[in-house]
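Throughout, read-outs are computed from the coordinates displayed, never taken from laboratory work. Every value quoted in this text rests on a predicted model; they were computed, and no experiment measured them. We place every Cβ from the backbone using ideal geometry, glycine too, and count neighbours over all the protein chains shown.
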Amino acid sequence: MYQAVSVSPHIVARISWRWTIACPNACTCISTCRASALRAGGITISGARYLDANTLIGITGLRVGDPVTIPGEEIGKAIRRLWEQGILGDVSVSITRIDGQRIFLDFFLSERPRLSKFDFVGISKSQGDELRDKIKLIRGKVVTDALLNNTRTQVRKFYTNKGFLDAKVNITQVPDSSLSNSVVLKIKVDKGDKIRIRDIAFEGNEAFSDGKLQKKLKKTKAKKSYKLLTAGKFQRAEYEEDKLKLLEFYNAEGYRDAVIVSDTLIRQEDGLALRITVDEGPKYYFRNITWNGNYLYDDKTLASVLGIKKGSIYNKEELEKRISYNPTGQDVQSLYMNDGYLFFNIDAVETKIEGDSIDLEMRISEGVQARIKEVNIAGNTKTSDHVLRRELRTLPGDKFNRELLIRSQREISTLGYFDPEKVGINPVPNPAEGTVDINYTVVEKPSDQITLSGGWGGFAGFIGTVGLVFNNFSLRKAGDFSNWKPVPAGDGQRLALNIQANGLQYQAYSFSFTEPWLGGRKRNSLTFSLNKSIQRLGQALDASSDRFIKVNSASIGLGRQLRFPDDYFTLTNSLSISQYKLNNYSAFGTEFFQNGTGNANNITLNTTLSRNSIDNPTYTRRGSSLSLSLNLTPPYSVFKGAHPSVNEWVEFHKWMFDASWFTPIVGKLVLNSRAHFGYIGSYSDRQIGPFERFKMGGAGLGFGGAANFLVGTEFIGLRGYGDPGDATAIPTARQSSSGGVAYNKYVMELRYPVSLNPAATVYVLSFAEAGNSFDQYTNYNPYKLYRSVGVGARIFMSAFGLLGFDYGLPLDTVPGQTKKEGIFHFIIGQQIR
């Protein structure tokens with residue numbers, strides 16, 4: 001047996017392979033070995049208990065029969081390959097014997113231990129749980145130097161991001177007596193004190209003050225005693241992002257050469273001081289902008305679309321926006337792409353810089369018009385293809401149009417069947433053929449809703465509700481029982497069933513069906529609905545109670561999309577017929593029905609002109625929604641010789657206007673501004689009946705009395721005040737009975753999303769609103785408003801619809817009140833108007 005040659009793992013990368021082998025028997029074979037060409041006769045592995053020997057031999061790179069030189073590099077390379085795997089603690093090689101020209105080698109390996117578990121020392125359990133998710137140590141993994149170093153780095157980074165810049169991490173390995181060749185890692189953390197930024201100062205800045213520049217560092221802030229919400233933490237990654245934003249600010253102000261020369265973090269007794277030195281450079285302006293390669297549009301037209309005037313501050317970011325994509329207006333690229341020029345290309349080249357002025361040349365390659373070859377849709381596992389394709393504005397054979405491509409994406413998003421955040425559009429151009437394929441991808445989300453709820457109504461006590469809304473119903477598939485899973489779906493029709501009841505005292509049943517594309521060729525919607533309700537009065541109620549109001553109604557409506565002024569407009573006409581039967585029902589008093597007994601019939605024609613351009617119905621970021629509606633009954637009182645009783649035939653004309661605008665402020669923060677007006681009048685001096693009145697207050701849920709609820713009263717929410725019928729509601733004369741004949745309301749609402757998950761979209765809001773309703777035209781005063789402010793939240797779940805709450809604080813007192821108190825409002829399935 002020859003002497004083993006051992007190599008320390010810590011110097012294996014630097015070792016110069018020289019072998020000195022002595023024979024204990026002082027034979028002459030050593031010189032023979034050196035002089036002769038040896039070949040590997042056999043290779044064995046020893047010392048390895050858990051690793052596969054054949055795999056390890058393969059890693060060495062040595063094979064039986066390979067030449068081996070002593071001294072030489074073959075064995076050194078083999079040891080290095082084994083060591084580089086990171087799973088061994090030591091490697092040594094021995095010559096077991098030499099047989100003629102064959103040499104037999106044995107690699108003795110010391111395996112690294114494996115991880116059995118790890119514990120944290122010196123920190124709280126909650127922080128330890130948070131760290132476990134970040135370092136991701138796996139039981140059974142070999143404990144290598146890389147694993148230990150990575151663990152230290154991750155733990156230190158975790159506390160550095162929390163402001164503990166002096167955090168120390170020490171890891172010790174404790175043998176696990178319950179498992180062979182396993183260790184427990186004890187990760188001891190000494191957080192030290194939290195180090196905060198106390199001061200941020202700039203040097204070299206002449207154009208902007210320190211305060212102005214500090215505001216551009218969005219996530220790197222100095223901690224001051226008056227800044228309660230500022231943490232003052234220094235986080236390297238966020239600081240690097242802030243430096244880029246600082247330079248973007250300089251570039252946007254014309255300082256295209258601005259650079260950060262240096263930045264220094266200085267440790268002081270009370271924290272950190274950050275010193276940033278900038279070189280602003282000169283401020284530049286646009287001078288001459290010329291166009292080259294444009295044949296379709298002349299220079300004047302392109303300059304008008306670009307919208308950058310000579311002498312404007314040089315802003316490269318704004319220039320790119322005006323060239324490629326301008327969300328607030330037209331850009332040069334869309335001018336071409338909306339006319340099919342998909343292969344259009346433009347380069348803005350700085351041709352001359354003279355003093356503080358820059359000349360640009362717009363080099364254009366217009367290319368050829370591209371036509372759409374194929375339109376593919378993927379991801380609609382439930383909804384039929386034709387439901388999506390009828391919404392598309394990009395059809396095979398048409399010229400490519402980027403505006404229509406984006407419009408198609410918007411139409412799919414507003415269907416409500418797919419996750420609006422994941423509607424993908426991917427044009428695949430083919431320059432050789434001058435065509436483009438368009439691939440749409442969607443992700444289905446639940447759209448049907450079930451309502452199982454209870455509420456407290458002022459007129460009937462507790463009211464239970466059971467409702468089903470199938471928003472993607474398919475009447476076409478209803479004849480095949482295999483499609484009832486649980487109901488036939490996929491054709492975009494809407495079927496709604498609803499039952500409300502409180503025993504025999506109050507019952508209401510409703511059914512409605514909507515076909516959004518009647519005939520399948522145009523966006524003509526057909527809606528049909530039936531409603532039946534009954535309210536009984538009395539102590540001992542049974543089906544034969546003689547004090548009641550019954551309402552039966554039916555309606556049919558036809559809507560169509562308009563082309564003028566644009567195709568966001570919709571005109572809807574509907575005809576409804578309602579029959580009211582009262583018997584000894586005193587809720588109206590005797591003003592309209594003598595002894596609370598009588599019949600009334602209501603035939604109403606409704607015309608609604610609306611425009612809807614919102615981008616997402618669940619969480620809207622931009623767009624608007626406008627609606628002007630007019631309800632007309634026949635003018636019985638002006639018919640010659642026709643003098644029906646005041647309520648035998650209901651008579652009125654009713655006007656309502658609703659407007660809502662959505663404006664993005666910063667990031668996902670959105671401002672929603674709304675205005676609402678309503679007016680009801682008669683054709684002559686005939687008294688207006690109790691039907692279709694207005695009531696304002698609370699969440700607008702309609703708990704203002706059975707008579708109002710059943711005769712079509714509009715309930716308009718005004719947060720911070722009580723529901724109609726409450727003492728704190730917005731007062732109109734006879735608020736508890738008939739309601740008002742006019743109202744107006746204004747709302748400003750800031751919204752910010754917490755989660756845009758389609759299964760549960762959540763956003764928070766703050767609001768300021770004002771409104772009032774009036775019982776007589778002579779009392780109408782658009783400036784006499786009841787104001788309120790507050791906060792709230794909305795949760796939209798696909799299966800249950802809208803849930804929300806608001807806390808409103810009134811700024812005015814209603815008559816009879818002595819103090820202003822905040823009120824919580826809970827909303828189920830209904831937006832506050």
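What to note about this one:
- Note on Met337, Met797: ascending count of other Cβ atoms within 10 Å places them as Met797, Met337, the fewest first.
- Gyration tensor (alpha-carbon) shape descriptor, region 285-365, a/c threshold 1.5: prolate
- Taking packing as the residue-averaged number of other Cβ atoms within 10 angstrom, the listed peptides 713-724, 563-574 run from highest to lowest as 713-724, 563-574.
- Potential lengthening of the chain between Arg275 and Asp133 amounts to 47.6 nm, from the contour at 0.36 nm per residue minus the alpha-carbon distance.
- Averaged over residues, the count of other Cβ atoms within 10 Å places the peptides 393-401, 688-696, 527-535 in the sequence 688-696, 527-535, 393-401, highest first.
- With R₀ fixed at 41 Å, the C-beta to C-beta distance from Lys191 to Val261 puts the FRET efficiency at about 0.75.
- In this simple spin-label approximation, Arg236 and Leu802 carry label points 7 Å from Cα along the Cα→Cβ vector, and these lie 4.8 nm apart.
- Among the listed pairs Lys219/Lys310; Lys134/Lys668; Lys422/Lys654; Lys382/Lys550; Lys168/Lys224; Lys117/Lys194, those beyond 32 Å (Cα-Cα): Lys219/Lys310; Lys422/Lys654; Lys382/Lys550
- Rounded to whole numbers, the Karplus 3J(HN,Hα) couplings from phi for region 551-560 are 10, 10, 8, 9, 8, 9, x, 10, x, 9 Hz, using 6.51 cos²θ - 1.76 cosθ + 1.60 with θ = phi - 60°, and x at Gly and Pro.
- For Lys784, a cut-off of 18 angstrom between C-alpha atoms picks up these lysines, skipping any fewer than 8 places away in its own chain: Lys695, Lys745, Lys820.
- Among the GluC sites (Glu not before Pro) found in region 65-97, those both in a DSSP coil and sparsely packed, with 15 or fewer other Cβ atoms within 10 Å of their Cβ, are Glu73, Glu84.
- Convex hull volume of the Cα atoms of region 114-190, normalised per residue: 84 Å³.
- From least to most packed, judged by other beta carbons within 10 angstrom and beginning with the fewest, Thr69, Thr381 follow the order Thr381, Thr69.
- Per-residue 3J(HN,Hα) values for region 507-522, derived from phi via the Karplus relation 6.51 cos²θ - 1.76 cosθ + 1.60 with θ = phi - 60°, read 9, 9, 10, 9, 9, 8, 9, 10, 10, x, 10, 5, x, x, 9, 10 Hz in sequence order (x marks Gly and Pro).
- Under 5 Å from the amide H of Leu165 lie the amide H atoms of Ile195, each residue being 5 or more positions distant or on a separate chain, with H modelled from the backbone and absent for Pro and chain starts.
- Taking packing as the residue-averaged number of other Cβ atoms within 10 angstrom, the listed peptides 763-773, 240-250, 661-671, 107-117 run from highest to lowest as 763-773, 107-117, 240-250, 661-671.
- Amide H contacts for Asn439 (H built 1.01 Å from N in the peptide plane; partners 5 or more residues away or on another chain; cut-off under 5 Å): Asn376, Asn426, Val428.
- Close amide-amide hydrogen proximity is noted between Gly790 and Phe767, Leu809, each under 5 Å apart and 5 or more residues distant or on a separate chain (H modeled in the peptide plane; Pro and chain starts excluded).
- Normalised convex hull volume, the chain, alpha-carbon set, Å³ per residue: 324
- Placing R0 at 60 angstrom, the Cβ-Cβ distance between Gln594 and Ala659 gives a FRET efficiency of 0.90 after rounding to 0.05.
- The Cβ shell under 10 Å around Val469 holds other residues with a net charge of 0, Lys and Arg each +1, Asp and Glu each -1.
- Least to most buried among Ser262, Ser682 (fewest other Cβ within 10 Å first): Ser262, Ser682
- With R₀ set to 41 Å, the beta-carbon distance separating Asp812 from Asn573 gives a calculated FRET efficiency near 0.55.
- Helical contribution to [θ] at 222 nm, DSSP H n ≥ 4, -39,500 (n - 2.57), averaged over the chain, rounded to 500: -4000 deg cm²/dmol
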